[in-house]
1. Out of all the residues in segment 284-293, which are surrounded by 11 or more Cβ atoms within 10 Å (Cβ to Cβ) and out of contact with any Gly (no Cβ under 7 Å at 6 or more places or on another chain)?
2. G52 is checked against (1) out of contact with any Leu (no Cβ under 8 Å at 6 or more places or on another chain); (2) modelled with pLDDT of 95 or more; (3) open to solvent by less than 90 Å² (accessible area, probe 1.4 Å) and fails just one. What number does that condition carry?
3. What are the residues in segment 16-42 that are open to solvent by 20 Å² or more (accessible area, probe 1.4 Å), within 26 Å of N112 (Cβ to Cβ) and in contact (Cβ under 8 Å) with a residue 40 or more places away in the chain, if any?
4. Quick one: in segment 161-177, of everything that is in a loop (DSSP other than H, G, I, E, B) and open to solvent by 30 Å² or more (accessible area, probe 1.4 Å), which residue is nearest to V95 (Cα to Cα)?
5. Starting from residues that are buried (at least 22 other Cβ atoms within 10 Å of the Cβ) and within 24 Å of Y141 (Cβ to Cβ), keep the ones in segment 63-72 and report whichever is farthest from the chain's Cα centre (by Cα).
6. Out of all the residues in segment 194-211, which are modelled with pLDDT of 85 or more and either open to solvent by less than 30 Å² (accessible area, probe 1.4 Å) or in contact with a Leu (Cβ under 6 Å, 6 or more places away or on another chain) (or both)?
7. Would you mind finding the one in E89, E45, E85 that is open to solvent by 10 Å² or more (accessible area, probe 1.4 Å), under 17 Å from H22 (Cβ atoms) and of a type in the set (D, E)?
Amino acid sequence: MAAAGSSVVRRVEELGDLAQAHIQQLSEAAGEDDHFLIRASAALEKLKLLCGEDKECSNPSNLLELYTQAILDMTYFEENKLVDEDFPEDSSQKVKELISFLSEPEILIKENNMHPKPCDLLGDELLECLSWRRGALLYMYCHSLTKRREWLTRKSSLLKKYLIDGISYLLQMLNYRCPIQLNEGVSFQDLDTAKLLSEGIFSDIHLLAMMYSGEMCYWGLKHCADQQPENHEVDSGVSGASYTTQKEPLDFREVGEKILKKYVSVCEGPLKEQEWNTANAKQILNFFQHHTNQ
């Protein structure tokens with residue numbers, strides 16, 4: 001384990017140097033200081049100082065957390081630029097690059113067999129954030145692509161891949177934490193909050209992830225239904241680790257219907273006073289029902 005820890009320290013230091021160089025390029029191209037790039041650079045400077053100390057005594061978890069925070073800030077700056085420009089025609093390579101950056105912390109943990117569960121080293125919230133950011137990026141990119149009719153006629157198979165990847169990241173995000181089991185040993189003053197936690201919904205982002213993945217399933221069924229089925233595998237659970245972890249080919253209608261029914265139930269139940277909009281979710285559910293009856 002010590003050897004693995006030392007290996008992680010060396011690798012994180014290398015990745016930090018690469019990220020710092022990338023941030024320098026972004027800052028020069030922007031021509032002005034950006035809050036997120038400044039914060040990312042500061043985290044990487046701290047990382048460099050810690051890595052300069054005795055590597056055998058360095059805490060891989062702390063270093064990996066610093067690197068992850070820097071990557072989240074750095075990629076957020078680039079994502080905002082893509083969104084502001086409505087994803088130019090040549091955006092695919094940049095999207096892949098950002099996905100790669102956001103995947104690096106998990107890859108690093110798995111390659112070095114640091115812990116049986118990545119959350120033991122990085123924590124649930126950061127892992128959820130990494131999955132959310134990848135899924136949300138692909139959601140925004142696919143949303144832009146679905147408005148380009150000529151592109152869709154030529155590359156619907158590529159859209160399908162982006163959709164499946166994005167849905168997978170969002171479902172992964174929703175499955176990191178187990179729902180809170182309500183029993184006599186657990187007391188809540190707010191019953192609505194208790195209901196949400198028992199459904200595995202810990203924040204507004206969890207709700208957005210549900211709506212985003214349901215909408216991506218709709219795009220998949222609408223734009224990619226004529227293609228031959230492919231053996232893309234995805235964990236179709238939508239409510240924490242209590243759901244099945246069996247891998248199965250992605251069924252856009254089945255997954256979308258399951259998650260949007262839950263979204264509507266929660267928004268019109270425990271969150272009724274929050275006035276979450278369910279109109280689009282209901283329209284998509286009607287589309288799924290119509291598609292089933294065809």
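The values are calculated or read from the model by the stated rules, or taken from the named source; none is laboratory data. Computed from a predicted model, the values in this text were never measured in an experiment. Quick reminder, even Gly has a Cβ in these numbers, built from the backbone with ideal geometry, and neighbours come from all protein chains shown. Keep in mind that these areas ignore ligands, DNA and RNA; they rest on the heavy atoms of the full protein, side chains included. Shrake-Rupley method; radii C 1.70, N 1.55, O 1.52, S 1.80 Å.
1. Here is the first cut: in segment 284-293, the ones surrounded by 11 or more Cβ atoms within 10 Å (Cβ to Cβ) are 284-285, 287-289, 291.
Of everything in segment 284-293, those that are surrounded by 11 or more Cβ atoms within 10 Å (Cβ to Cβ) and out of contact with any Gly (no Cβ under 7 Å at 6 or more places or on another chain) turn out to be L285, F287, Q289, H291.
2. Result: G52 passes all but (2).
3. Across segment 16-42, the qualifying residue is only H22.
4. Keep residues of segment 161-177 that are in a loop (DSSP other than H, G, I, E, B), which gives 175-177.
So of that shortlist, the ones also open to solvent by 30 Å² or more (accessible area, probe 1.4 Å) come out as 176-177.
Numbers: Y176: 24, R177: 27 Å.
The selected residue is Y176.
5. A70
6. Let us first name the residues in segment 194-211 that are modelled with pLDDT of 85 or more, namely 203-211.
Across segment 194-211, the qualifying residues are H206, L207, A209, M210, M211.
7. Values: E89 fails: under 17 Å from H22 (Cβ atoms); E85 fails: under 17 Å from H22 (Cβ atoms).
Exactly one residue qualifies, and that residue is E45.
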